[in-house]
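First the structure, in the form of structure tokens, and then the observations on it.
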Amino acid sequence: MAKANKSSDVGVDELEESYKRKIDLALQRQGIRGKAREKLVRWREEGMRQICPKPEPLFWLQEHAWKSLYRSLRVAAVFAVCATDKHPDAVTELYTEIGRLMEPFRGRRTKPEISGILAETVKLREKGWSWLKIAQRLCPDRNPNHSCDKKCADRIRVAAQRLAKAK
């Protein structure tokens with residue numbers, strides 16, 4: 001365990017040196033002023049080992065994952081600030097992309113019964129089956145008193161499209 005910890009310390013040291021060099025380059029530019037400059041100076045002083053505490057709602061997240069995420073975001077922000085002379089919207093674009101990556105899950109969760117049939121749904125859809133035919137074949141609610149309709153087809157379609165979007 002001590003050896004693994006030592007190697008990660010070396011990695012953090014190397015990351016911190018390159019991070020500080022990048023900040024120094026940014027601070028030499030006259031275009032970086034005001035709050036951006038103040039933040040870079042503070043980040044340089046704090047270094048890569050100074051990690052803000054993991055927020056309480058993330059109690060389930062492992063500490064090393066939080067540190068890695070925090071460092072990665074900070075390095076990305078420094079690179080974005082350094083790119084603002086050639087790309088003035090670099091920081092905004094970075095945060096927009098981060099927001100897009102972290103988009104919240106929307107809508108109701110898919111029922112486990114629907115999740116279980118998605119692989120088969122994809123195969124049938126590739127064969128050209130309509131959503132209604134797929135629902136009539138795979139609907140988890142099938143029984144003698146249930147006839148699949150647009151509602152069933154839509155439920156399966158939405159789940160399949162959400163899966164396809166996630167890939």
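The values are calculated or read from the model by the stated rules, or taken from the named source; none is laboratory data. Note that this is a predicted model, so its numbers are computed, not measured. All Cβ positions, glycine included, derive from the backbone under ideal geometry; neighbour counts span all protein chains shown. Side chains are part of the model used for accessible areas, which takes the heavy atoms of the whole protein and leaves out ligands, DNA and RNA. Shrake-Rupley method; radii C 1.70, N 1.55, O 1.52, S 1.80 Å.
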- With axes computed from alpha carbons, what is the tilt in degrees of helix 112-126 against the longest principal axis of the chain, rounded to the nearest 10 within 0 to 90? 80
- Message: Checking the a/c ratio against 1.5 first, then a/b against b/c, what shape does the Cα gyration tensor give for the chain?
- Response: prolate
- Task: Report, to the nearest 10°, how far helix 34-46 tilts away from the longest principal axis of the Cα atoms in the chain, using its own Cα long axis and a range of 0 to 90°.
- Result: 80
- Query: For the chain, modelled as a GNM with alpha-carbon contacts under 10 angstrom, which of LEU69, LEU94, LEU138 fluctuates the most?
  - Reply: LEU138
- Item | Length added when fully stretched, LYS165-LEU132, from 0.36 nm per residue minus Cα-Cα | 9.8 nm
- Query: At a probe size of 1.4 Å, how large is the accessible area of GLU14, to the nearest 10 Å²?
  - Reply: 120
- Please give the length that would be gained between ALA83 and TRP60 if that part of the chain were fully extended, namely 0.36 nm times their separation in residues minus their C-alpha to C-alpha distance (nm, one decimal). 4.8 nm
- Query: Percent of accessible area on segment 19-131 owned by carbon and sulfur, 1.4 Å probe?
  - Reply: 56
- Query: In degrees from 0 to 90, rounded to the nearest 10, what is the angle of the helix 150-166 Cα long axis to the longest principal axis of the chain?
  - Reply: 30
- Can you tell which of GLU113, GLU17, GLU93 shows the greatest fluctuation in a Gaussian network model of the chain with Cα springs below 10 Å? GLU113
- Item | Distance violations [Cα-Cα > 32 Å] among LYS20/LYS165; LYS67/LYS165; LYS39/LYS165; LYS127/LYS151 | LYS20/LYS165; LYS39/LYS165
- Dipole of segment 21-167, positive end: most advanced residue of LEU27, ASN143, PHE79 [Cβ charges, Cα centre]: ASN143
